[in-house]
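The values are calculated or read from the model by the stated rules, or taken from the named source; none is laboratory data. Worth saying up front: this structure is predicted, and the values here are computed from it rather than measured. Counting neighbours? That spans all protein chains shown, and the Cβs are built from the backbone with ideal geometry, glycine included.
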Amino acid sequence: MTKKDSFYDLNEADVDPQRIKREREKARKLRKSQWWLSQVNAGICYYCQQKFSPSQLTLDHVVPLARGGRSQPGNVVPSCKSCNREKSLDTPVDQILKKLKLSSSSENGSE
Ligand SMILES: [Zn+2]
């Protein structure tokens with residue numbers, strides 16, 4: 001038995017430098033795959049849904065590697081450079097929470 005199902009546990013294994021190195025290596029290979037080429041050729045940024053030329057799209061992890069994300073279809077999406085920069089280490093959940101915070105603070109704000 002070499003299969004490790006317990007690998008999905010989210011704990012210190014997520015920030016294991018060896019794991020991140022391995023996932024980065026996988027991302028590098030994924031970038032050369034037919035699957036990825038078809039993603040960037042479609043030219044749609046996953047986040048803003050705008051159209052870009054393939055060279056403007058970067059490979060982005062929806063859940064960052066440092067948060068336990070993996071380099072595989074489903075977690076790897078094409079992103080334009082400005083979305084990629086804005087996102088940094090936030091997960092989608094973080095972004096939703098931020099938006100909620102912003103909207104509730106502007107409701108209670110005294111402008
Ligand atoms: Zn974008």
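Among the listed residues SER110, SER71, SER104, SER82, which satisfies the condition of being more than 25 Å from ALA42 (Cβ to Cβ) and modelled with pLDDT of 65 or more?
Working: SER110 fails: modelled with pLDDT of 65 or more; SER71 fails: more than 25 Å from ALA42 (Cβ to Cβ); SER82 fails: more than 25 Å from ALA42 (Cβ to Cβ).
Answer to the check: SER104.
Go through segment 16-56 and count every residue that is among the β-branched types (Val, Ile, Thr) and modelled with pLDDT of 95 or more. Let's see the steps before the verdict.
First, pick out the residues of segment 16-56 that are among the β-branched types (Val, Ile, Thr): 20, 40, 44.
Narrowing further to those that are modelled with pLDDT of 95 or more: 40, 44.
Selection size over segment 16-56: 2.
Can you report the number of residues in segment 48-85 which are within 20 Å of GLN18 (Cα to Cα) and within 10 Å of the ligand (Cβ to nearest atom)?
Qualifying residue count, segment 48-85: 1.
Quick one: in segment 32-47, of everything that is surrounded by fewer than 16 Cβ atoms within 10 Å (Cβ to Cβ) and more than 15 Å from the ligand (Cβ to nearest atom), which residue is farthest from VAL15 (Cα to Cα)?
ASN41
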